[in-house]
1. Take the stretch 119-139 and flag every residue that is closer than 26 Å to Glu56 by Cβ, of a type in the set (A, V, I, L, M) and outside any strand (DSSP E or B).
2. Name the single residue, out of those in the stretch 160-206 being modelled with pLDDT under 95 and of a type in the set (Phe, Trp, Tyr), that is least open to solvent (accessible area, probe 1.4 Å).
3. Report yes if some residue within the stretch 59-75 is of a type in the set (D, E, K, R), assigned to a helix (DSSP H, G or I) and open to solvent by 10 Å² or more (accessible area, probe 1.4 Å); otherwise report no.
4. Select from the stretch 93-109 the residues that are touching a residue at least 24 places away in the same chain (Cβ under 8 Å) and part of a helix (DSSP H, G or I) and list them in ascending order.
5. Identify, by number, the condition in (1) in a helix (DSSP H, G or I); (2) open to solvent by 40 Å² or more (accessible area, probe 1.4 Å); (3) touching a helix residue (DSSP H, G or I) at 6+ places or on another chain (Cβ under 9 Å) that Gly84 doesn't meet.
6. Just to verify a result, which residue in the stretch 77-92, among those that are among the hydrophobic types (A, V, I, L, M, F, W, C) and free of Cβ contacts under 8 Å to residues at least 60 places away in the same chain, is nearest to Leu51 (Cα to Cα)?
7. Report the residue count in the stretch 148-159 for those that are touching a residue at least 40 places away in the same chain (Cβ under 8 Å) and open to solvent by 30 Å² or more (accessible area, probe 1.4 Å).
8. Given the conditions (1) hydrophobic (A, V, I, L, M, F, W, C); (2) more than 17 Å from the chain's Cα centre (by Cα); (3) open to solvent by 40 Å² or more (accessible area, probe 1.4 Å), report the number of the one that Leu13 does not fulfil.
Amino acid sequence: MSDTSWNDDPSRLLRVTDGFRLAEVDPGATPGYRDGKKSGENDLAHGTKQLDELQERLYAQSRVVPQSPSLLLVLQAMDTAGKGGIVRHVIGATDPQGVHLKAFKAPTEEERAHDFLWRVEKEVPGAGYIGVFDRSHYEDVLIGRVRSLAPPEEIERRYGAIVDFEKLLTDAGTRIVKVMLHISPDEQKKRLASRLDRPDKHWKYNPGDVDERKLWPDYMDAYQKVFERTSTPDAPWYVVPADRKWYARLAVQTLLIDALRDIDPQWPAADFDVEVEKARLAAT
């Protein structure tokens, strides 16, 4: 972090640990970052090169080592918090052939006929891939809890099922980075108003978002429960303040870079004689 404006480790500052209280997190803060938007945008551009190389190394390694690790980014947030911006400005800077993006919508009739994790299990990233869940299996204990879409005892069961599911993934070599983009209700209101003021953004506006705003305290309680029940040493949660888009993007990028550095993927060695191939190529 010496080449950036980070003055503390975001993976430590943003990580959910024992005693964490979502209500104490300021959505407008920039934990661990000492400068403002301009520096943040510069650092994001600098980090893009690092993330791109690490992702390419991860993918390349898996072409010759079938049991190579993978990385799964889980994005959860209230609407307008910036999940799409993370996908475009952070993940979008990497090679798409090594990325698997899945946005989970309301379950289909077929999906509802199975356990809630059935559709999720089919979308986990394969070896060498970065997987991105834009919303995820956590919808089933967030909306499910707030909107009473399942009995309380079923919601309770799902917490344990999620922990077991994620433990299977990490044991199999998938590194999981779970991020909640934490936006304030005032900032969300501004962003929704902006969508209404711009005809080119009307397609992004959902009248149902206003109804969900009325349930904001219930959603915050549901998120708090999620953190308490499913933030584990193998798959911890990170809460990223999201009122400042530039900070949220930079923080998520940094979390991904840290995770990939920890995985430490290596360029595969050539399975041919490089000097011989140089000579053969020169002769053509």
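1. Val124, Ala127
2. Looking at the filtered set, the residue picked out is Tyr205.
3. Looking through the stretch 59-75, at least one residue is of a type in the set (D, E, K, R), assigned to a helix (DSSP H, G or I) and open to solvent by 10 Å² or more (accessible area, probe 1.4 Å).
4. Listed by number, the residues that qualify are Ala93, Gln97, Gly98.
5. (2)
6. Ile91
7. Number satisfying all stated conditions: 1.
8. (2)
The values are calculated or read from the model by the stated rules, or taken from the named source; none is laboratory data. From a predicted model like this one, the values you see are computed outputs, not experimental measurements. So basically every Cβ, Gly included, is an ideal-geometry build from the backbone, and we count neighbours across all protein chains shown. Accessible surface is based on the protein model in full, side chains and every heavy atom, while ligands, DNA and RNA are left aside. Shrake-Rupley method; radii C 1.70, N 1.55, O 1.52, S 1.80 Å.
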